[in-house]
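Before any comments, here is the structure.
Bear in mind these aren't lab numbers, they're just calculated from the coordinates by the rules spelled out. This structure is a prediction, so every number in the text was calculated from the model and none was measured. Glycine gets a Cβ as well: all are built from the backbone with ideal geometry, and neighbour counts include every protein chain shown.
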Amino acid sequence: MWRTQISLFCLVLCIILLEATIIPSLWSSLRIDFLIGLTMGLVIYAPFAPGFTFVLVTTLLLQALTGARLGFFPLVYVVMYLFLDLVKNLIFLENFVVQAISGFVLSIGIALIFSVMLDMNFTRTGTLGIFISALFTGVVTPLMVFIVLRMQVSNGT
């Protein structure tokens with residue numbers, strides 16, 4: 001169990017590096033959310049308690065490193081984790097097409113939540129950036145779920 005958590009934590013550090021420095025340097029409006037795929041993978045392949053704790057700790061770390069409003073990232077991602085945990089009994093989340101569509105929809109939903117809660121107004125370029133980011137998030141989500149599966153299998157959990 002500890003090896004899996006440490007492997008996932010190293011993956012999160014790589015994700016934070018990608019999300020905070022490399023991807024915004026390519027295009028400042030592009031925000032690919034790897035954490036959606038990681039959260040979905042934890043919902044599908046990890047028990048509830050370690051997965052929930054990991055998402056909570058990860059979002060607190062992400063909040064600290066990105067300078068977001070206090071408690072906002074954990075609130076959004078914990079609610080998303082609980083929603084996915086509820087939905088996994090209704091929808092077959094192991095299918096990569098469902099994962100891609102869910103990643104796209106969740107990315108758009110999180111962007112809308114951020115815009116409503118933070119009172120942001122988007123220009124045409126900002127809306128295009130959100131849509132393209134959601135498309136890339138939908139593409140990356142099945143890959144992240146697969147990485148979580150491989151980590152779970154390789155560490156014997």
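Listed values, structure above:
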quantity: Helix runs (DSSP H) in the chain reaching 27 Å along axis by Cα, Kyte-Doolittle at least 1.0; calculated: 96-117, 124-154
quantity: Relative contact order %, the range 2-154, counting alpha carbon pairs below 8 Å whose residues are six or more apart; calculated: 37
quantity: Simple spin-label estimate for Val79 and Trp2 in nanometres, 7 Å along Cα-Cβ; calculated: 3.6
quantity: Cα-based equivalent ellipsoid of the chain: semi-axis lengths in Å, sorted from largest, via gyration tensor; calculated: 24, 17, 15
quantity: The range 2-154 - charge dipole about Cα centre, Lys and Arg +1 at Cβ, Asp and Glu -1, debye rounded to 20; calculated: 120
quantity: Residues Phe146 and Ile101, FRET efficiency given R0 of 22 Å [Cβ-Cβ distance, rounded to 0.05]; calculated: 0.85
quantity: Base-10 log of normalised Debye intensity for the range 76-157 (one unit scatterer per alpha-carbon) at q = 0.13, 0.14, 0.23, 0.24 Å⁻¹; calculated: -0.49, -0.56, -1.16, -1.20
quantity: Ellipticity estimate at 222 nm from DSSP helix runs (n ≥ 4, -39,500 (n - 2.57)) divided over the chain, nearest 500; calculated: -25500 deg cm²/dmol
